[in-house]
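Participant: Following this message is one structure expressed as structure tokens.
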Amino acid sequence: MKNRQIETTWKDREAGTLKTQLIESQVPALKPGEILVKLLHVPMHGSFWLATHPNGIHPRKEEFLSEGRFVFGNGGVAQVVDTTLDERDFRKGDYVCIFGHIPCRRYNCYACTVLHRYSECDFNESSILGHGKGSTEGTYAEYAVLPRHSYEICFRREESPSTSLLKSFMFGFLFADVRNALTRHMDSLRMRRMLLIGAGFSGMIAAYIHNRTCPESKIFVVDSSPERLAHLKSIDPEGIGTYLLPHSIATELNSRHQHVGFRHELSSIIDDVSKEMHAHFGGRSCNLLFDSSSGNTTPIWDNPQILAPSAHCIPFGFGSQYILLSKELIQMSGLTIMMSRGVGNIRNRKEVIELIKAGAGKFINEKLLAETKELHGIDEAATFIEQMQNPPRQLHEISHAYISF
């Protein structure tokens, strides 16, 4: 069977630049435990644009390109075409929500076999669909081969789910990823003052979860897009405050060589963010920082003007270069910086499926998909990628989109 995929390769390895294009390949034969699916809906989110950016800006690009190429995509919703599994488990025609994370093969790996947190593999041998390092090719394609544990059933074929409900499950992996990060530390659930950096897909989901989990919570959001800020604020107009980051500052934060005097400009921005954030929080600082930006945004918040003692900081995005732990931050009692990667354990994944069915699906359709460009088929998706990457756009300038097959 022929399969068309969106492939990223080196354009110039010495210069570290990449190119992404549409290719045709042969669907490989299934191995024991694998299923073949036809993709139905796949989101184009920040991680894709970061991983495939022509300037090669992803911090793990060497891992992605360990074999000289990769087909990205660790999420989406699909229908089973073929399976090597017992029909009591999976049948042709069933619908699956793709979570993308795959455990290692070691019987004595505590993270993979007991905790089922595959991104924390004891042997660093777990993998993610489409992420290189010998992993299975991803979901930016017409068909995909899925190893066991990289997906969960969301509907049986006889349930005949509506198209709108099915579409919402394309964000199941991202919903699980964000929820895992926000619930990983039990005390994070009691933090009622969230500073959210980035109003993209992950930021919208984080705001939705926090708004419904923490009674009387307030959220303050920083982003460079007025449209995204307005859209996120509509989740809770009274409880959400916003700050529009100047376009020039966002661009400079992501440049490789920042101009002389930029730190002074950024210091002024930080003061403004701090002033407006404190006003929104009734004179108090944030006690939960969630950085969902795909760009280099830690310089906005890794300072005492923004953070306070006992704050929980979750750097969720991949674009930041470092976190500066100054002597002032080191003195802050209770300050917690927690890295969280992956879709969490089996319980988290299955609970996300139930949450989407119980109401989060409506949120996804109304808040995430309503303002997102629908690309009809792999050809239109390839054309859109070409438009976004030739010439290369800044990450915060790239439009939200998803592919429907």
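The values are calculated or read from the model by the stated rules, or taken from the named source; none is laboratory data. Treat the numbers as computed from the prediction; the structure is a model and nothing was measured. Positions of Cβ are backbone-derived with ideal geometry, glycine not excepted, and every protein chain shown enters the neighbour counts. Protein only, heavy atoms only, side chains kept; ligands, DNA and RNA dropped before computing areas. Shrake-Rupley method; radii C 1.70, N 1.55, O 1.52, S 1.80 Å.
Participant: For the range 88-100, indicate whether the set of residues that are β-branched (Val, Ile, Thr) and touching a Cys at 6+ places or on another chain (Cβ under 9 Å) is non-empty.
Facilitator: yes
Participant: Go through the range 117-130 and give me each residue that's open to solvent by 20 Å² or more (accessible area, probe 1.4 Å), assigned to a loop (DSSP other than H, G, I, E, B) and either closer than 15 Å to PRO147 by Cα or of a type in the set (A, V, I, L, M, F, W, C) (or both).
Facilitator: PHE123, GLU125
Participant: Looking only at the range 21-60, how many residues end up being aromatic (Phe, Trp, Tyr) and over 23 Å from PHE318 (Cβ atoms)?
Facilitator: So the count comes out to 0.
Participant: Separate question: Does ILE323 satisfy being among the hydrophobic types (A, V, I, L, M, F, W, C), open to solvent by 30 Å² or more (accessible area, probe 1.4 Å) and in a loop (DSSP other than H, G, I, E, B)?
Facilitator: Yes; evaluated as a whole, the condition is true for this residue.
Participant: Then there's this: Show the residue pairs meeting these rules: Cβ distance below 7 Å; 6+ apart or different chains; first residue within the range 259-280 and closer than 15 Å to TYR243 by Cβ; second residue among the β-branched types (Val, Ile, Thr) and open to solvent by less than 50 Å² (accessible area, probe 1.4 Å).
Facilitator: Close Cβ pairs (under 7 Å, with a partner that is among the β-branched types (Val, Ile, Thr) and open to solvent by less than 50 Å² (accessible area, probe 1.4 Å)) amount to LEU266/ILE249; ILE269/ILE249; ILE270/ILE300; ILE270/ILE306; VAL273/VAL222; VAL273/ILE300; VAL273/ILE306; SER274/ILE306.
Participant: Just to verify a result, which residue in the range 252-296, among those that are open to solvent by 10 Å² or more (accessible area, probe 1.4 Å) and of a type in the set (Val, Ile, Thr), is modelled with the lowest pLDDT?
Facilitator: VAL260
Participant: Pick from the range 216-265 the residues that are over 24 Å from the mean Cα position of the chain (by Cα) and not in a loop (DSSP other than H, G, I, E, B): which of them is nearest to GLU366 (Cα to Cα)?
Facilitator: Among those that are over 24 Å from the mean Cα position of the chain (by Cα) and not in a loop (DSSP other than H, G, I, E, B), it is SER248.
Participant: Please tell me if ASP82 is out of contact with any His (no Cβ under 9 Å at 6 or more places or on another chain), farther than 19 Å from ILE128 by Cβ, of a type in the set (D, E, K, R) and surrounded by 15 or more Cβ atoms within 10 Å (Cβ to Cβ).
Facilitator: yes
Participant: Any residue in the range 53-64 that's closer than 16 Å to SER255 by Cβ: show its pairings with residues that are open to solvent by 10 Å² or more (accessible area, probe 1.4 Å) and of a type in the set (Val, Ile, Thr) at Cβ separation under 7 Å, as long as the two are six or more apart or on different chains.
Facilitator: Close Cβ pairs satisfying both conditions: PRO54/THR17; ASN55/THR17; GLY56/THR17.
Participant: What is the residue count in the range 377-405 for residues that are over 16 Å from GLU7 (Cβ atoms) and among the β-branched types (Val, Ile, Thr)?
Facilitator: Of the residues in the range 377-405, 1 are over 16 Å from GLU7 (Cβ atoms) and among the β-branched types (Val, Ile, Thr).
Participant: Out of all the residues in the range 24-40, which are open to solvent by 50 Å² or more (accessible area, probe 1.4 Å), in contact (Cβ under 8 Å) with a residue 60 or more places away in the chain and part of a strand (DSSP E or B)?
Facilitator: LYS38
Participant: Could I ask something else about it? Out of all the residues in the range 226-242, which are of a type outside the set (A, V, I, L, M) and open to solvent by 20 Å² or more (accessible area, probe 1.4 Å)?
Facilitator: Result: PRO226, GLU227, ARG228, HIS231, LYS233, SER234, ASP236, PRO237, GLU238, THR242.
Participant: Could you list all residues from the range 132-186 that are closer than 18 Å to LEU36 by Cα and of a type in the set (Val, Ile, Thr)?
Facilitator: Those that are closer than 18 Å to LEU36 by Cα and of a type in the set (Val, Ile, Thr): THR136, THR139, VAL145, ILE153.
Participant: Ok, one more. Would you please list the contacts, defined by Cβ atoms under 8 Å and residues six or more apart or on different chains, that run from a residue in the range 357-384 that is farther than 21 Å from ALA199 by Cβ to a residue that is of a type in the set (Phe, Trp, Tyr)?
Facilitator: LEU375/PHE384; LEU375/TYR402; GLY377/PHE405; ILE378/PHE405; ALA381/TYR140
Participant: While we're here: Taking VAL77, is it outside any helix (DSSP H, G or I), at pLDDT 95 or above, under 30 Å from PHE384 (Cα atoms) and open to solvent by 20 Å² or more (accessible area, probe 1.4 Å)?
Facilitator: No.
Participant: Could you give me the residue pairs with C-beta distances under 7 Å whose first residue belongs to the range 80-92 and is assigned to a loop (DSSP other than H, G, I, E, B), whose second residue is among the charged types (D, E, K, R) and at pLDDT 80 or above wherever it lies, and which are 6+ apart or on separate chains?
Facilitator: Once the first residue is assigned to a loop (DSSP other than H, G, I, E, B) and sits in the range 80-92, its partners that are among the charged types (D, E, K, R) and at pLDDT 80 or above give THR84/GLU34; ARG91/ARG157; LYS92/ASP82.
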